[in-house]
Ligand SMILES: Cc1cc2nc3c(=O)[nH]c(=O)nc-3n(C[C@H](O)[C@H](O)[C@H](O)COP(=O)(O)OP(=O)(O)OC[C@H]3O[C@@H](n4cnc5c(N)ncnc54)[C@H](O)[C@@H]3O)c2cc1C
Ligand SMILES: Cc1cc2nc3c(=O)[nH]c(=O)nc-3n(C[C@H](O)[C@H](O)[C@H](O)COP(=O)(O)O)c2cc1C
Ligand code: SF4
């Protein structure tokens, strides 16, 4: 394998100009909010957290001034306690389940309290966990996103030796280069990852399947974990989509997060295609970067959007315009995009997902000016890579796993977006943890 | 990591946190559940002659949205048969041999004491606690606080129990008394092995404005109850500290009264408690609060370099002196942080109306008040009312004068 190292994050990045939407609480804010918590028993917030953080307990510890213990409670369930506190859609997870909703009052701001405690511990460099007594077992983790890193951390705690292979410039997967800057800046993700790695996780740069073969890995490791996530932006296959000025949403977001060469200030009107959270993120980021007109165009109506309602509300507040029941037919322009031709849509019979299909209304085509067109229409799956693993069962292009993160091959385990098709960072962390217990069982000769 | 285990007058416990005698320790199932979650010991709900309880037993003292800052109860001792309690004590001790199970007892005659002590010893208890504290119901029958308020009787009954008991005897004191040191010394003279305090404080927690009846409401009437919970902590701390600094009190103290989190526990230990007992906080939130208490206390000890509980028992009581021993030349004055101040001006109104009129609103531009430090008497009031942590600090002012207390001051006046 070629000796490579991961990159150093550039100081100047476009994301720097986008401020944190929920800055870490001051002590006064944290105490006031913590005192509001009822300390529910068998709390719904904990049940709603994929990593099952004992939420009432960590909040109670804030209220008793035991900030260190609070961070310990959080991190013992979720080693990405800071990232998750900042990127989790708490509105539909923990805070969404808060009993305050039953009283028509604001739920507890769980994410912000969590960020407060973990940041407190990080500022003081408190290290809670150490490596377990060495077992001599080695595990290769393919992909350096939250799924693999959380799995690797648990394995190290149990005394196994994890080695993470990452093909990108930075560890952390989409937590570093994908999540919106107003939630988490890339350097904060990298700093948290540095702490995670401290337990004794090796990261090796390189593409598994190219720089290092799966055969080699199978030979030198006792078990493998697939945490490869999803792939590049998918396109629609319409004329003009490769013109300059057309972007995949992920590619654009990555430029904003870790680059500065993209220049939003020259744009007059950006059109984002899609109805999911990635499309909304791209739209909000462009609006925050000062693009004067940002339109999100979706082929169904608002009710069918997969993007969260709270995200739509934020986007509207920031001036993003929503255009529903329109579908792009072609991107206009000679050497660069100058507009989009749309056709109006109608809602029809339900499709496989239970949502009504969008069907074009003939003769309703119209054109919209645009100097940037962003495809927020989904991510490819890593099927090509996964299909090369003999005997690995896939399901719709995703790795097929059981309830404990085990694949059809006894020495392969998997978690994160490559098994779910794209959920949240916290799901990836939970699935990484779950797989670590299964790997541990397997390495100890347990059932598999 | 700190070692939390204790040996309290011969009673061994994995940590200093015990459940106080009360509804939490009413059955074996409860005590077992508590031990599983981490509690170190339990003082069983007081055993004695059969009683009957009334319906509606508790009243809560809420303050500005905070529930149960104080709790009032008119509950009596156990209303379950003695045989059942003894059987469950035996089972708990068998399952948790390393945990402390202490039987709280309240009977009248010498014979009754002899009999019940034998029974709880046979059941495997690690110690007994004499309930000389209950301020309602039982005292009308000549027991509970009726004993705790009569040092002579207290000493005598303690003496009986020491004759009969092979296991350590703790005396639980009532705070409903002028000077807590008197019953404390009486307990020592009765040869008690330890002292627990405080039991509840005689109280009426509130009045129903529509039914013209105090709480808790029992069919058109009510009675005085016992007050406990966070609100009584200052009273309890004073009493624990008063015993701890008293030379004649040579036996360990179990601190009770408003302990709700690790900080309260640490404060009681600093004031002289070797174990702490908890009732209201666990009634409010359940046994699960123990996790935070153990962790918080252990982290605190680590941060201070205390290896064992004994390392800091009474460390604060040593600095608890009479007023006349305070340094009259120690001076402080308030200082308001311009950066942190949010301009609520609560400090201004407090000092102007209830302090010494040394905070002024003439600061240049804005709402940040100004302290005239020359006039400030360093009473703390402004810093206590300030809602922003760290905004008003009390700064030491070097007077250049040596330590001088009241007595010395009097002498110096006489000389002059
Ligand atoms: C635009 C966008 C915004 C998002 N915002 C949020 C949000 O706000 N909150 C939230 O909770 N979630 C968000 N998510 C989802 C979240 O980022 C993912 O669910 C999560 O990162 C998945 O983790 P993972 O480890 O499975 O995969 P990834 O994070 O995708 O990491 C996979 C890693 O594997 C590497 N890799 C792949 N193949 C190979 C190979 N062959 N060899 C070596 N390395 C390889 C990749 O380079 C990558 O670093 C967002 C996703 C996107 C796309
Ligand atoms: C409902 C209730 C019942 C109690 N019963 C007893 C009892 O049977 N025997 C006893 O010694 N103390 C009894 N107590 C007093 C407690 O043991 C304890 O001394 C007091 O509540 C102070 O502690 P706290 O502030 O933690 O509640 C009782 C207290 C309450 C609230
Ligand atoms: S807590 Fe409520 S339900 Fe339980 S015994 Fe008391 S009044 Fe009845």
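Identify all residues within the stretch B:282-324 that are over 17 Å from residue A:58 (Cβ atoms), buried (at least 19 other Cβ atoms within 10 Å of the Cβ) and within 11 Å of another protein chain (Cβ to nearest Cβ); write none if there are none. Matches in the stretch B:282-324: B:287, B:297, B:300. Consider the stretch B:86-107 and keep the residues that are surrounded by fewer than 22 Cβ atoms within 10 Å (Cβ to Cβ) and part of a helix (DSSP H, G or I). The one that is farthest from ligand 1 (Cβ to nearest atom) is B:86.
Within the option set A:56, A:89, being under 26 Å from residue B:291 (Cβ atoms) and outside the structural domain of residue A:313 (by TED's automatic domain parsing) holds for one residue only, A:56. If the condition is being buried (at least 16 other Cβ atoms within 10 Å of the Cβ), touching a residue at least 24 places away in the same chain (Cβ under 8 Å) and assigned to a helix (DSSP H, G or I), then the stretch B:134-152 contributes B:145, B:148, B:151. Pairing each residue of the stretch A:216-233 that is away from chain B (no Cβ under 14 Å) with any residue that is modelled with pLDDT of 95 or more and within 16 Å of ligand 2 (Cβ to nearest atom), provided the two are 6+ apart or on different chains, yields no C-beta distance under 6 Å. One residue stands out among those in the stretch B:108-133 that are within 30 Å of residue B:223 (Cβ to Cβ) and in contact with a strand residue (DSSP E or B) (Cβ under 7 Å, 6 or more places away or on another chain): the one that is surrounded by the most Cβ atoms within 10 Å (Cβ to Cβ), which is B:133.
For residue B:226, the test of being part of a strand (DSSP E or B), within 16 Å of ligand 2 (Cβ to nearest atom), touching a strand residue (DSSP E or B) at 6+ places or on another chain (Cβ under 8 Å) and farther than 30 Å from residue A:74 by Cα is passed. Of the residues that make up the stretch B:284-300, is at least one within 16 Å of ligand 2 (Cβ to nearest atom) and closer than 21 Å to residue B:134 by Cβ? Checked against the condition, which is being within 16 Å of ligand 2 (Cβ to nearest atom) and closer than 21 Å to residue B:134 by Cβ, the stretch B:284-300 yields at least one hit. Once the stretch B:63-73 is narrowed to residues that are in contact (Cβ under 8 Å) with a residue 12 or more places away in the chain and either under 21 Å from residue B:30 (Cα atoms) or within 14 Å of another protein chain (Cβ to nearest Cβ) (or both), the residue that is surrounded by the fewest Cβ atoms within 10 Å (Cβ to Cβ) is B:67.
Do we find that residue B:81 is more than 24 Å from residue B:191 (Cβ to Cβ) and touching a strand residue (DSSP E or B) at 6+ places or on another chain (Cβ under 6 Å) in this structure? Against the criterion (more than 24 Å from residue B:191 (Cβ to Cβ) and touching a strand residue (DSSP E or B) at 6+ places or on another chain (Cβ under 6 Å)), residue B:81 does not qualify. If you check residue A:127 against the conditions, is it in contact (Cβ under 8 Å) with a residue 12 or more places away in the chain, touching a helix residue (DSSP H, G or I) at 6+ places or on another chain (Cβ under 7 Å) and either part of a loop (DSSP other than H, G, I, E, B) or within 15 Å of residue A:49 (Cβ to Cβ) (or both)? Taking the combined requirement at face value, the residue does not satisfy it.
Filter the stretch B:231-263 down to residues that are assigned to a helix (DSSP H, G or I) and either within 16 Å of ligand 1 (Cβ to nearest atom) or within 9 Å of the chain's Cα centre (by Cα) (or both), then give me how many there are. Count: 9. Looking at B:37, B:47, just one residue is crowded, with 20+ Cβ neighbours inside 10 Å and within 24 Å of the chain's Cα centre (by Cα), and that residue is B:47.
Every condition in (1) in contact with a strand residue (DSSP E or B) (Cβ under 8 Å, 6 or more places away or on another chain); (2) buried (at least 22 other Cβ atoms within 10 Å of the Cβ); (3) closer than 29 Å to residue A:96 by Cα is met by residue A:326 except one, and the failing one is (3). Could you say whether any residue in the stretch A:302-313 is crowded, with 24+ Cβ neighbours inside 10 Å and either assigned by TED's automatic domain parsing to the domain that holds residue A:340 or over 23 Å from the mean Cα position of the chain (by Cα) (or both)? No, the stretch A:302-313 has no match at all.
Being more than 14 Å from chain B (Cβ to nearest Cβ) and either within 14 Å of ligand 1 (Cβ to nearest atom) or over 30 Å from residue A:282 (Cα atoms) (or both) narrows it down to one of A:139, A:126, so name that one. Unique residue meeting the criteria: A:139. Among residues of the stretch A:30-49 that are more than 10 Å from chain B (Cβ to nearest Cβ), those with a Cβ under 8 angstrom from a residue that is in a loop (DSSP other than H, G, I, E, B) and surrounded by fewer than 16 Cβ atoms within 10 Å (Cβ to Cβ), sequence gap 6+ or separate chain, pair up as A:46/A:52.
Please enumerate the residues belonging to the stretch A:356-373 that are surrounded by 16 or more Cβ atoms within 10 Å (Cβ to Cβ) and touching a residue at least 12 places away in the same chain (Cβ under 8 Å). So that I can check it myself, show each step before the final result.
Narrowing the stretch A:356-373 to residues surrounded by 16 or more Cβ atoms within 10 Å (Cβ to Cβ): A:356-358, A:360, A:368, A:370-373.
If the condition is that a residue be surrounded by 16 or more Cβ atoms within 10 Å (Cβ to Cβ) and touching a residue at least 12 places away in the same chain (Cβ under 8 Å), then A:356, A:358, A:360, A:368, A:370, A:371, A:372, A:373 are the ones that fit.
The helices (runs of 4 or more DSSP H) found wholly in the stretch A:51-102 and carrying at least 1 residues that are under 21 Å from residue A:128 (Cβ atoms) and within 14 Å of chain B (Cβ to nearest Cβ) occupy A:55-63, A:67-77. Against the conditions (1) surrounded by fewer than 17 Cβ atoms within 10 Å (Cβ to Cβ); (2) modelled with pLDDT of 95 or more, residue A:249 satisfies every one except (1). Among helices (runs of 4 or more DSSP H) entirely within the stretch A:382-448, having at least 2 residues that are away from ligand 1 (no atom under 12 Å from the Cβ) and in contact with a helix residue (DSSP H, G or I) (Cβ under 8 Å, 6 or more places away or on another chain) singles out A:425-443.
The values are calculated or read from the model by the stated rules, or taken from the named source; none is laboratory data. All of these numbers come straight from a predicted model, not from anything done at the bench. All Cβ positions, glycine included, derive from the backbone under ideal geometry; neighbour counts span all protein chains shown.
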